[in-house]
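The values are calculated or read from the model by the stated rules, or taken from the named source; none is laboratory data. This is a predicted model, so every value here is computed, not measured. Here the Cβ positions follow ideal geometry from the backbone for every residue, glycine too, while neighbour counts run over all protein chains shown.
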Amino acid sequence: MKMHILKLLVLLFMMAAFAACTFGERNVFGTWELQPDESTDLATWRYRTLTLDISQQGKQTVLIQKWRRGNEPFFTDSLAFVPDGDAIRIPITRQHWPDNWYMGVLAVPGSERTVTGEWQSEGQAFTVSSTQPVQTSQGEFNLKTTLDVSMDKKLDVLRISVQRETRPTPIELVFKRVSR
Amino acid sequence: MKKHIFSIMVLAVLASTFAYTQTPQKYIMRFSSDWQIDNELPEKAMLISLQGVVNGEAPQLYFLYPDDWDFNFVEPLYDYYRDTRSMQFQELASADEALAKLANKTNGYVVWDTNVRTSLIVAFTAAGVHQAIVVSEDLIPLAEQHGLSMKEDLRGLFAGKSDYEIYEWAYDKYWDQTNHEYLVYMGGEHGKVMKPGVADWGIYKRSFFTDASTDPADTLEYQFANKILSQMKPNSFVFGWHSYKKDKEAQHVRLTSSYALRVEGLHTLPNMSFNHQIPLAPGFKFSNKHNVEAGKRYIPKEKVYVACIQTDCLGIGAWTKPGRGELPYAWEVTMNWSWLAPAMMQYFYDQATPNDYFIGSLSGPGYMYPRSVPIDKLPQVVSTAYELMQNLDLNVFEIMEHSNYWESDGVDDDLPKEIIDVYYQEMPDVLGFANGYRPAHTFTSRDGKPFISYDYYLGEKRDEKEATADLIELSNLNPKRPYFLLLHVRQWSDIKRVKRILDALPDEFEVVPLDIFLKMAGEQPTFQERYLESMN
């Protein structure tokens, strides 16, 4: 009887270890592709697609948005943060404001985007906040944006909720993993 | 005395009615949606060429295009002609019947090679030169059955040749015999499909047809395009449209603008050889639905003011769709139709509700990009546009600039001060200007006349709730009040959809007619003056 219990415990331990290893690999890092049909309409301008690379580079967690038109790279936008660290300042070099191509909003070259962030669940979910000046018809406006990034482990799906303090409703984006 | 005047007027109306009824029999024919080379294109191309030739004598042949045709007013215009011009049409059931009735008004036929699509484009040029119809090999027996003889045979001539070589051949053979005021770009769809709706007009005008690439990377075709454009007369027209396969709209219009030529799209523009000859009703004057009262000041409140403009030409959008008249709407007018197709233009003015306000477009007296027009030619270009506006009772002008679209994708709709100066100088009595296509970022106001760029592009596929959220967000990003939000509506959005989006906005928003919007913006311009700093 004791032998049976022991075997059962070993088996349970092995299953738990296997699950732990599997879930350990299932983190947000990797390349993700936007699923437009499952996401809020992003108002992409003509045939553009979006992929997202999330990586850990030293202490920094880095998100790189890559907009493509067909097979051609078109625009790359990046965010980075150090959990519990100082805000990271990212220089703005182009006028494109990719968050919505239909609105009369421009980025301000020569300005900076200030980014902070923290993990809500290590490797699985984080929040990143940024502020950047944007050009509108009435002049510059300091725009604050928060991204809640979380992973649906079962489906290998990444969900991002984008909240801009100027927008009445959040933008919900769904990505599927392309590669780890 | 009054009785005499009345009698003269009655006589004039009777005389004009008599004149219509004395013209040759008019015919209509219905087209299906099949424009495949392997299917119905050869027959349709033949019929459209027949139309171009026979309408040279008088307006006789009008085609009813299918519902999915770019220009969706073809059937309503046909009804309008019958209702207001007492025109009577006989319907033709087949190509055979069309040739039976009308082939004797042509000089013969030109054979094109169904194995070389470009040969049809050349055949249209030849058809204009010879005043002949175009036929594929399979249609030769039909043409001959109706007494026609061959004028040209392009079969086999172009096998293995590039479009550049074919167009050079056509240039050598026909250029000197063609009209250098009306070039036709027979572009648009490619491959096994062609939709040559404008070919009748080109044949009627004896135009040269091409679809030579205007992409500088296509070195030879680009050189060819430059060669023929440079030989057009000043202020001339480039009808039709660029090839969707070879180049981009922005490349096409940039190149034509660099010669100060005016684009009149599209390749599908239908029945122009007919419409061109139908005059305005006696005594008719173009009269816009103005909302601004002369001498009155329009002081804005602490609100968000929205004005809507539908672009992309009057004839390919929401004009015939549900909801028109329910919302103040400005419509981009294709100004040259006032003389190219006067009754067709009148049709739109006659139908306009008090909420339909017309504006001049697009950048010049035709579709042009002002940054590409040589700066020494721009004053004349703008002045010519202003003359058209005055005839059409228009006092707002719209500008679109995409000279570097394919290089700067996303931010290229702006203008430098020196170009805007020309518009203000040459259009002294306008209420203001609208600018852009995508959202643009050029703003100024002079003497109460604002120059305002679009702050929002309402794409036809944009989710309605998100569109409403976009507009609310714009109002938060532009916190001063009044805020003037100029909204570009793509032509595929009908007004009911636009109304649903705008109805969901908070009370702070108010949709107003464009002319009142501009008057208020001129009173209190809360936008920041901004110009394109460099044209490079």
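Quick notes on this structure:
- Filtered residue count, segment B:439-468, keeping only those that are in a helix (DSSP H, G or I) and crowded, with 23+ Cβ neighbours inside 10 Å: 1
- Pick from segment B:505-536, criterion in a strand (DSSP E or B) and under 10 Å from B:V304 (Cα atoms), ranking: nearest to the chain's Cα centre (by Cα): B:V511
- Here B:P59 fulfils each of the conditions (1) within 25 Å of the chain's Cα centre (by Cα); (2) outside any loop (DSSP other than H, G, I, E, B) apart from (2).
- For B:D138: the one exception among (1) within 25 Å of B:M272 (Cβ to Cβ); (2) of a type in the set (D, E); (3) surrounded by fewer than 19 Cβ atoms within 10 Å (Cβ to Cβ): (1)
- Exactly one residue out of A:R68, A:R89 is part of a strand (DSSP E or B), within 13 Å of chain B (Cβ to nearest Cβ) and touching a Lys or Arg at 6+ places or on another chain (Cβ under 9 Å), and it is A:R68.
- Residues being part of a helix (DSSP H, G or I) and touching a helix residue (DSSP H, G or I) at 6+ places or on another chain (Cβ under 7 Å) - total across segment B:32-56: 12
- Candidates A:T145, A:T169: the one that is hydroxyl-bearing (S, T, Y), over 23 Å from B:F527 (Cβ atoms) and assigned to a strand (DSSP E or B) is A:T145.
- Scan of segment A:120-140 for residues that are of a type outside the set (S, T, N, Q) and touching a Ser or Thr at 6+ places or on another chain (Cβ under 8 Å), ordered by number: A:A125, A:F126, A:V128, A:P133
- Residue in segment B:431-438 that is at pLDDT below 95, in contact with an Asp or Glu (Cβ under 9 Å, 6 or more places away or on another chain) and within 14 Å of another protein chain (Cβ to nearest Cβ) present: yes
- Meets criteria (within 11 Å of chain A (Cβ to nearest Cβ), in contact with a helix residue (DSSP H, G or I) (Cβ under 6 Å, 6 or more places away or on another chain) and modelled with pLDDT of 95 or more) for B:T442: no
- For segment B:187-224, a tally of residues being touching an Asp or Glu at 6+ places or on another chain (Cβ under 9 Å), under 20 Å from B:S257 (Cβ atoms) and part of a helix (DSSP H, G or I) returns 3.
- Residue in segment A:88-111 that is in contact with a strand residue (DSSP E or B) (Cβ under 6 Å, 6 or more places away or on another chain), of a type in the set (F, W, Y) and over 29 Å from B:G436 (Cα atoms) present: no
- For segment A:128-149, the criterion of being surrounded by fewer than 16 Cβ atoms within 10 Å (Cβ to Cβ) and modelled with pLDDT under 95 is met by no residue.
- In segment B:478-531, residue surrounded by the fewest Cβ atoms within 10 Å (Cβ to Cβ) [restricted to those that are more than 24 Å from B:M400 (Cβ to Cβ) and among the hydrophobic types (A, V, I, L, M, F, W, C)]: B:A504
- Taking the numbered list (1) away from chain B (no Cβ under 14 Å); (2) more than 26 Å from B:Y531 (Cα to Cα) in turn, A:K144 passes all entries but (1).
- Taken over segment B:31-42, residues that are of a type outside the set (F, W, Y) and surrounded by 20 or more Cβ atoms within 10 Å (Cβ to Cβ) amount to 2.
- Within segment B:474-504, the set of residues being facing another protein chain (nearest Cβ under 10 Å), assigned to a helix (DSSP H, G or I) and not hydrophobic (A, V, I, L, M, F, W, C) comprises B:S475, B:N476.
- Residue tally, condition in contact with a helix residue (DSSP H, G or I) (Cβ under 9 Å, 6 or more places away or on another chain), part of a helix (DSSP H, G or I) and within 15 Å of B:N275 (Cα to Cα), over segment B:76-95: 6
- Residue in segment A:97-105 that is within 16 Å of the chain's Cα centre (by Cα) and charged (D, E, K, R) present: yes
- Picking from residues in segment A:71-86 that are more than 26 Å from A:G58 (Cβ to Cβ) and in a strand (DSSP E or B), the one that is nearest to the other protein chains (Cβ to nearest Cβ) is A:F74.
- The requirement of being free of Cβ contacts under 8 Å to residues at least 24 places away in the same chain and either closer than 27 Å to B:P513 by Cβ or surrounded by fewer than 17 Cβ atoms within 10 Å (Cβ to Cβ) (or both) is fulfilled nowhere in segment B:391-404; no residue meets it.
- Contact map, segment B:516-536: residues that are more than 10 Å from chain A (Cβ to nearest Cβ) and under 25 Å from B:D429 (Cβ atoms) paired with residues that are assigned to a helix (DSSP H, G or I) and among the hydrophobic types (A, V, I, L, M, F, W, C), Cβ distance under 7 Å, separation 6+ or inter-chain. Pairs shown: B:Y531/B:I420.
- Selected residue [of a type in the set (V, I, T) and either in a strand (DSSP E or B) or more than 11 Å from chain A (Cβ to nearest Cβ) (or both)] from B:V411, B:V422: B:V422
- Subset tally (residues that are more than 14 Å from chain B (Cβ to nearest Cβ), of a type in the set (A, V, I, L, M, F, W, C) and in contact with a strand residue (DSSP E or B) (Cβ under 7 Å, 6 or more places away or on another chain)) for segment A:152-180: 6
- Pick from segment A:92-127, criterion surrounded by 20 or more Cβ atoms within 10 Å (Cβ to Cβ) and more than 14 Å from chain B (Cβ to nearest Cβ), ranking: nearest to A:R69 (Cα to Cα): A:R113
- Residue count for segment B:144-182, restricted to those that are within 25 Å of B:L102 (Cα to Cα) and assigned to a helix (DSSP H, G or I): 3.
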